[in-house]
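One structure is given below, encoded as structure tokens.
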Amino acid sequence: MVKLLRHFLVPNWGASSGYNSTLRGGFVTHHEYIQVGKSHDVGMNQISQFEAKVANGNGEQTLSRDVYRLGRRLDFYRMLSFYFTTVGFYFSSMVTVLTVYVFIYGRLYMVLSGSERRILEDPTVRQSKALEEAMATSSVFKLGLFLVLPMVMEIGLERGFRTALGDFVITQLQLASVFFTFQLGTKAHYYDRTILHGGSKYRATGHGFVVFHAKYADNYRMYSRSHFVKGLELFMLLIVYEVYGESYRDSQLYWFVTISMWFLVGSWLFAPFVFNPSGFDWQNTVDDWTRLEEVDGKSWRHWDFAG
């Protein structure tokens, strides 16, 4: 019983205290001791472990009775605030990734079955091409505006909208879109796995200042199931769609949709190496490949020849 409580409360102690205090009308006191000078995670692997820990905790919170009771007792607007500031953010991340899979598998089914060509050859569909092109053009601006609108509005109100626009451009030049797209996969994977199988646990991140190069084997072990396998799956699906989806290729909406998919695949496959210190150093690349092929009883080549 003690092990079970520790298993649940360690990643969720802050949220559990808040839930119980709210359910009891705010009459529960909570004492917290904060150490001055606490550092933050700066390395890619540290941040991913932290996001995985928080996603696991939110998965456990989703399954808890406290969230159910709060959802039943809060009024509508407070319930929306509670949803989007706790488990709703991770649930939305999971739904976003699932929507990508549903979309690409659905499009691939329509292409391979011939349904897409028959739909596009319908005269009523051809007459709506002008509307389709107009909506595709406006979608490009909506995608970039709505995702960064909270950040732009917050910085704009505090320091001016010219500063907010400059910060937005700088964050894009620093590949913030690649980083947060990669972390979207981290949140969705660990939240979904906790919902289905449980297994939330504390993950020590270290809070150290990372200046060393992470080995390829370590990156592969950490991101294999959560990003690399899924990225390769989407990569193969997009290749098949590129080969057989010629009936829809003349549309601007086709390029808009596929470019966003390719961006997701590229972020999931290459972000750990882009944000790895000295990740493009040739000697580090050679050393990583040499360690991967070492025949010491632990490498894939040893397993292959031993079998």
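Just name the residue that is surrounded by the fewest Cβ atoms within 10 Å (Cβ to Cβ) out of those in region 147-190 that are within 26 Å of Val97 (Cα to Cα) and aromatic (Phe, Trp, Tyr).
Phe180
Here is a check on your reading of the model: is Thr258 surrounded by 15 or more Cβ atoms within 10 Å (Cβ to Cβ), modelled with pLDDT of 65 or more and among the β-branched types (Val, Ile, Thr)?
When the stated conditions are applied, Thr258 passes them.
Listed here are the residues, each with its yes/no results for (1) in contact with a helix residue (DSSP H, G or I) (Cβ under 9 Å, 6 or more places away or on another chain); (2) modelled with pLDDT of 85 or more; (3) over 26 Å from Gln49 (Cβ atoms).
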residue: Arg73; (1), (2), (3): yes, yes, yes
residue: Leu80; (1), (2), (3): yes, yes, yes
residue: Gly88; (1), (2), (3): yes, yes, no
residue: Phe103; (1), (2), (3): yes, yes, yes
residue: Tyr109; (1), (2), (3): yes, yes, yes
residue: Leu149; (1), (2), (3): no, no, yes
residue: Ala164; (1), (2), (3): yes, yes, yes
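Of the numbered conditions (1) under 24 Å from the mean Cα position of the chain (by Cα); (2) surrounded by fewer than 16 Cβ atoms within 10 Å (Cβ to Cβ); (3) small (Gly, Ala, Ser), Gly71 satisfies every one except a single condition; which is it?
(1)
May I ask you to list pairs of residues, at least six apart or on different chains, whose Cβ atoms are under 7 Å apart, with the first in region 90-113 being at negative phi and of a type in the set (D, E, K, R) and the second being assigned to a helix (DSSP H, G or I) and exposed (fewer than 13 other Cβ atoms within 10 Å of the Cβ)?
No pair meets every condition.
Name the pairs whose Cβ atoms lie under 8 Å apart, with the first residue in region 160-186 and under 16 Å from Pro272 (Cβ atoms) and part of a helix (DSSP H, G or I), the second among the acidic types (Asp, Glu) and modelled with pLDDT of 85 or more, and 6 or more positions between them or separate chains?
Gln183/Glu51; Thr186/Glu51
Among the residues of region 196-212, is there at least one that is part of a helix (DSSP H, G or I), hydrophobic (A, V, I, L, M, F, W, C), over 21 Å from Phe280 (Cβ atoms) and modelled with pLDDT under 90?
Yes, region 196-212 contains at least one residue that is part of a helix (DSSP H, G or I), hydrophobic (A, V, I, L, M, F, W, C), over 21 Å from Phe280 (Cβ atoms) and modelled with pLDDT under 90.
The values are calculated or read from the model by the stated rules, or taken from the named source; none is laboratory data. Bear in mind the structure is a predicted one, so any value in this text is a computation, not a measurement. Using ideal geometry, Cβ is built from the backbone for each residue, glycine included, and neighbour counts are taken over all protein chains shown.
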